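*Asks:* The structure is given below, and queries will be raised subsequently.
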Amino acid sequence: MARVAVITAPNIGYRNTGMLTVDLAFESLRRRMTAEGDEVDATWFTLHTPETVPLRECAQGTDFPFRFHPLAEHLDTLRDHDAVVFWGDFLHTRHYLEQDATNRLLDFGIAADRDAARNLLNRTLLFADQPDELLARTLSYGGTILHNTQSDYEDKEYGPLFSRLVTRGHRTWVRDPLSAAKIAHLRGDRTTDHFGSDAALLSRPGDLDHLPTTDWSRSVPDGGAIGVFLGARTPVPAWLPASCQDLSDRLGAPLEWLPWFDRDVPAPVGHIAARPGDHTIGDLVGVLPRYRMVITDTYHLAVNAWGAGTPAVCVGAPEPTPKTHDDYLTLSDVKKHVFHMAYDATDFYLSTREGHGQDIDRVVRLVEGGGADAVATRIREHADHSAAAFTETLASLLDTSRPTLGA
């Protein structure tokens, strides 16, 4: 059985449902590959494990198909694997290394200071000390370098290490076409398709049915409600509550709060009630195909809704977050806009600064007339194509990595 090391972004306490769907998607692919005869044993690594903090209540007791190891403590074991896969997120962007990743290492006492944190990140995420031979067995899927700029590459530490990883790694797929163009420039490769889907989309409908669910999700009649989760990433604009109600009235589906993260319902939409009862992580994913629509400001909820065939109205700011030291670019609204642009789905992306009477009319027409189905089909077809390319490449890499008989 081939051994694959999977490196993902840390998801402390499994607080971020979307990041969990990203990780679960690799397990979906692993099961699919095994069923087709390519047996893969995955070992999971991350900077700091989910158990660093108490697990989110709806994740407690769930038998997830992975157990994470702290990457820094097990870095030398990567060479014992037939392949290494960086899976999803902003793992290789300079702003992530400087901001989110460094701050968390300091928060949890894993690094003594910022210099020590950056040194550790250079070793774990940019493979500063790893031989070219390991990079040649390394794939990267579903990441993004959307916010990288020339000044990032001119950083005397980041620039050479990132360039080495990108150019000597076996193959890279990124989750947006702008990042794919950047990878093509960096690798000097204009013919390879570097545009993969978001990793969460590589779970096909039904792949996550192994997660336990309750009546919380099963009691929603198909098409009988609109799931709403707002205020986590973008301030709720004054016009939005009325627009939500307008969509509810015109589609004949009540609004209900979808607790994608554990947080209070924000005051502007405080009238939207949550369904009573306890829910599981499986419920949060399993309810999506039952909804008529999802309204959200959260990137991975929109991604997962579209992947389930449910149209997502996504709310975001119309321009990038200013690039300052204190602004986490991983939370910028740009990724939401670019995702919808990539699939001709910007009819469903509502800018916080626009008037919305005609926008809501257009959304209703597309949902009722089949346009939303066309978008969902486009996203699913790309995800299936990209999944096949990834699994074929991984299987081929594993075949070449295995020792031959008598060697």
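*Asks:* What are the residues in region 60-84 that are among the aliphatic types (A, V, I, L, M) and under 17 Å from Ile110 (Cβ atoms), if any?
*Replies:* Residues satisfying the conditions are Leu71, Ala72, Leu75.
*Asks:* Let me ask something else. Name every residue in region 160-180 that is of a type in the set (A, V, I, L, M, F, W, C) and open to solvent by less than 50 Å² (accessible area, probe 1.4 Å), in order of residue number.
*Replies:* Matches in region 160-180: Leu161, Phe162, Leu165, Val166, Trp173, Val174, Ala180.
*Asks:* Under 8 Å between Cβ atoms, which residue pairs at least 6 apart in sequence (or on different chains) link something in region 389-407 that is of a type in the set (Ser, Thr, Tyr) with a partner that is open to solvent by 60 Å² or more (accessible area, probe 1.4 Å) and at pLDDT 95 or above?
*Replies:* Close Cβ pairs satisfying both conditions: Thr393/His170.
*Asks:* Using beta carbons and a limit of 6 Å, which pairs, at least six apart or on different chains, have the first residue in region 24-47 and under 15 Å from Ser203 (Cα atoms) and the second one in a helix (DSSP H, G or I)?
*Replies:* Close Cβ pairs satisfying both conditions: Ala25/Ala199; Ala25/Ala200; Ala25/Leu202; Leu29/Leu202; Leu29/Thr391; Met33/Thr391.
*Asks:* If you don't mind, another one. With respect to Ile183, is the statement that it is modelled with pLDDT of 95 or more, assigned to a helix (DSSP H, G or I), crowded, with 21+ Cβ neighbours inside 10 Å and not hydroxyl-bearing (Ser, Thr, Tyr) true?
*Replies:* Yes, satisfied.
*Asks:* Quick one: in region 203-229, of everything that is open to solvent by 60 Å² or more (accessible area, probe 1.4 Å) and more than 16 Å from Pro254 (Cβ to Cβ), which residue is nearest to the chain's Cα centre (by Cα)?
*Replies:* Residue satisfying both the conditions and the ranking: Arg204.
*Asks:* So which residues in region 328-349 are more than 15 Å from Leu301 (Cα to Cα), aromatic (Phe, Trp, Tyr) and modelled with pLDDT of 95 or more?
*Replies:* Correct list: Tyr343 only.
*Asks:* If you check Ala238 against the conditions, is it out of contact with any Phe, Trp or Tyr (no Cβ under 6 Å at 6 or more places or on another chain) and either modelled with pLDDT under 95 or not in a loop (DSSP other than H, G, I, E, B) (or both)?
*Replies:* Working: out of contact with any Phe, Trp or Tyr (no Cβ under 6 Å at 6 or more places or on another chain): yes; either modelled with pLDDT under 95 or not in a loop (DSSP other than H, G, I, E, B) (or both): yes.
Yes, satisfied.
*Asks:* Confirm whether Gly277 is open to solvent by less than 30 Å² (accessible area, probe 1.4 Å), in a loop (DSSP other than H, G, I, E, B) and out of contact with any strand residue (DSSP E or B) (no Cβ under 8 Å at 6 or more places or on another chain).
*Replies:* The answer is no for Gly277.
*Asks:* Identify, please: which residue in region 10-21 is aliphatic (A, V, I, L, M) and open to solvent by 10 Å² or more (accessible area, probe 1.4 Å) and is, among those, nearest to Asp38 (Cα to Cα)?
*Replies:* My answer is Met19.
*Asks:* Against the definition (under 30 Å from Thr167 (Cα atoms), of a type in the set (A, V, I, L, M, F, W, C) and out of contact with any strand residue (DSSP E or B) (no Cβ under 7 Å at 6 or more places or on another chain)), how does Leu284 come out, yes or no?
*Replies:* no
*Asks:* Hey, among the residues in region 29-71 that are of a type in the set (Asp, Glu) and part of a helix (DSSP H, G or I), which one's nearest to Asn11 (Cα to Cα)?
*Replies:* Glu51
*Asks:* Now, a different point. Note down all Cβ pairs under 8 Å where the first residue falls in region 97-120 and is at pLDDT 95 or above and of a type in the set (Phe, Trp, Tyr), the second is open to solvent by 40 Å² or more (accessible area, probe 1.4 Å) and part of a helix (DSSP H, G or I), and they're at least six residues apart or on different chains.
*Replies:* That search, which allows pairs on different chains as well, returns Phe108/Thr52.
*Asks:* Right, next: Considering only helices (runs of 4 or more DSSP H) fully contained in region 87-147, which possess at least 2 residues that are open to solvent by 20 Å² or more (accessible area, probe 1.4 Å) and within 14 Å of Pro10 (Cα to Cα)?
*Replies:* Per the criteria, 102-107.
*Asks:* State which residue is farthest from Ala388 (Cα to Cα) when the search covers only region 186-220 and only residues that are charged (D, E, K, R) and part of a helix (DSSP H, G or I).
*Replies:* Result: Asp215.
The values are calculated or read from the model by the stated rules, or taken from the named source; none is laboratory data. All of these numbers come straight from a predicted model, not from anything done at the bench. Neighbour counts run over all protein chains shown; Cβ positions are idealised from the backbone, glycine included. Keep in mind that these areas ignore ligands, DNA and RNA; they rest on the heavy atoms of the full protein, side chains included. Shrake-Rupley method; radii C 1.70, N 1.55, O 1.52, S 1.80 Å.
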